[in-house]
Amino acid sequence: MAELTRKQQQILDFIQIWQREQGMMPTYQEIADHFSFRSLNSVTEHVRLLRQKGVLSNEPGRARSFRVLSPLHDLRRRIVDIPLLGSIPAGFAENLEQEAIGCVSADVESIGIKPSTRTFALVVKGDSMIGRHIVSGDTAIVEHGVTPKPGDVVAALIDGESTLKTFMTQRGKPYLCAENPRYPDLIPATDLVIQGVMVALIRNWRAFHLALLLSGLVFPITCRLFSTC
């Protein structure tokens with residue numbers, strides 16, 4: 001956002017104060033009267049520059065159509081809602097039917113993908129994927145309809161049971177690999193249906209840090225410099 005001049009900031013402040021106190025936006029004439037402008041052309045030019053700098057919008061020809069834009073205005077346009085379809089085990093497979101329980105709002109640039117109508121989210125349960133830094137409480141963003149490659153993390157139905165694992169193949173046959181030595185690989189007896197490939201992960205930092213502590217990968221910092229610690 002470009003820096004405002006002193007007068008531009010004063011006009012923007014006036015518009016916000018007027019709206020708050022009067023319950024409506026001021027007209028060009030009310031702005032001109034307040035600042036003792038001799039002509040409405042002065043107001044028009046200031047409004048044009050405020051619009052150009054991205055802090056004000058209005059509809060030409062309509063009175064009281066000003067709208068002050070937050071610096072976060074452009075960021076909010078990048079927010080998308082991804083359907084949250086319950087949870088998925090990152091442990092032993094479970095017989096689980098998924099149902100929409102809400103949505104996850106995410107910034108498309110932060111998660112690094114552009115969600116489609118095939119994108120959905122699942123809350124992770126269990127610790128079988130800790131080797132891929134996926135822990136219980138994280139949210140996996142999954143794309144349905146993508147053909148998995150060996151090494152992809154997938155949401156899958158294996159013999160009718162749901163799980164989150166790494167997709168692998170051996171001698172051309174697919175199986176699911178846990179990323180924790182406490183869990184066995186899952187080889188389908190009859191069916192393996194890939195519900196989607198994980199394309200992003202929303203971290204639950206508190207759960208992640210706790211999981212690392214419990215696994216011994218991270219140790220609490222001991223303070224030795226000050227006797228008050």
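Residue by residue, here is whether (1) farther than 17 Å from LYS125 by Cα; (2) among the charged types (D, E, K, R); (3) part of a strand (DSSP E or B); (4) modelled with pLDDT of 95 or more holds:
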{"residue": "GLY145", "(1), (2), (3), (4)": "yes, no, no, no"}
{"residue": "GLY151", "(1), (2), (3), (4)": "yes, no, no, yes"}
{"residue": "ALA156", "(1), (2), (3), (4)": "no, no, yes, no"}
{"residue": "THR163", "(1), (2), (3), (4)": "no, no, yes, no"}
{"residue": "ASN180", "(1), (2), (3), (4)": "no, no, no, no"}
{"residue": "PRO188", "(1), (2), (3), (4)": "yes, no, no, no"}
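Specify the residue that is farthest from the chain's Cα centre (by Cα); the eligible residues are those in the range 172-203 that are closer than 21 Å to GLY131 by Cα and of a type in the set (Asp, Glu).
Per the stated criteria, the residue is ASP185.
Might you let me know whether the range 112-123 holds any residue that is out of contact with any Ser or Thr (no Cβ under 7 Å at 6 or more places or on another chain), surrounded by 15 or more Cβ atoms within 10 Å (Cβ to Cβ) and either among the β-branched types (Val, Ile, Thr) or part of a helix (DSSP H, G or I) (or both)?
Looking through the range 112-123, at least one residue is out of contact with any Ser or Thr (no Cβ under 7 Å at 6 or more places or on another chain), surrounded by 15 or more Cβ atoms within 10 Å (Cβ to Cβ) and either among the β-branched types (Val, Ile, Thr) or part of a helix (DSSP H, G or I) (or both).
Report, by residue number, each residue of the range 156-201 that is touching a residue at least 40 places away in the same chain (Cβ under 8 Å), under 14 Å from ILE88 (Cβ atoms) and aliphatic (A, V, I, L, M).
Answer for the range 156-201, where residues must be touching a residue at least 40 places away in the same chain (Cβ under 8 Å), under 14 Å from ILE88 (Cβ atoms) and aliphatic (A, V, I, L, M): ILE158, LEU164, ALA178, LEU186, ILE194, VAL197, MET198, LEU201.
Which residues, counting only those in the range 1-60, are charged (D, E, K, R), under 33 Å from the mean Cα position of the chain (by Cα) and in a loop (DSSP other than H, G, I, E, B)?
Selection gives GLU3, LYS53, GLU59.
Looking at (1) in a loop (DSSP other than H, G, I, E, B); (2) touching a residue at least 60 places away in the same chain (Cβ under 8 Å); (3) surrounded by 17 or more Cβ atoms within 10 Å (Cβ to Cβ), which is the only condition ALA140 fails?
(1)
Could you list, in sequence order, all residues of the range 1-41 that are of a type in the set (S, T, N, Q), out of contact with any strand residue (DSSP E or B) (no Cβ under 7 Å at 6 or more places or on another chain) and surrounded by fewer than 17 Cβ atoms within 10 Å (Cβ to Cβ)? Before the answer, list the steps.
Our first condition is that a residue be of a type in the set (S, T, N, Q); within the range 1-41, this holds for 5, 8-10, 16, 19, 22, 27, 29, 36, 39, 41.
Next, only the ones that are out of contact with any strand residue (DSSP E or B) (no Cβ under 7 Å at 6 or more places or on another chain) stay: 5, 8-10, 19, 22, 27, 29, 36, 39, 41.
Matches in the range 1-41: THR5, GLN9, GLN10, GLN19, GLN22, THR27, GLN29, SER36, SER39, ASN41.
Would you check if there is a residue in the range 85-92 being more than 17 Å from the chain's Cα centre (by Cα), among the aliphatic types (A, V, I, L, M) and modelled with pLDDT under 80?
No: the range 85-92 contains no residue that is more than 17 Å from the chain's Cα centre (by Cα), among the aliphatic types (A, V, I, L, M) and modelled with pLDDT under 80.
Kindly list the number of the only condition in (1) farther than 22 Å from PHE167 by Cα; (2) modelled with pLDDT of 80 or more that fails for MET129.
(1)
The values are calculated or read from the model by the stated rules, or taken from the named source; none is laboratory data. Because the structure is a prediction, the values reported are computed rather than measured. Glycine also receives a Cβ, built like all others from the backbone with ideal geometry; neighbour counts cover every protein chain displayed.
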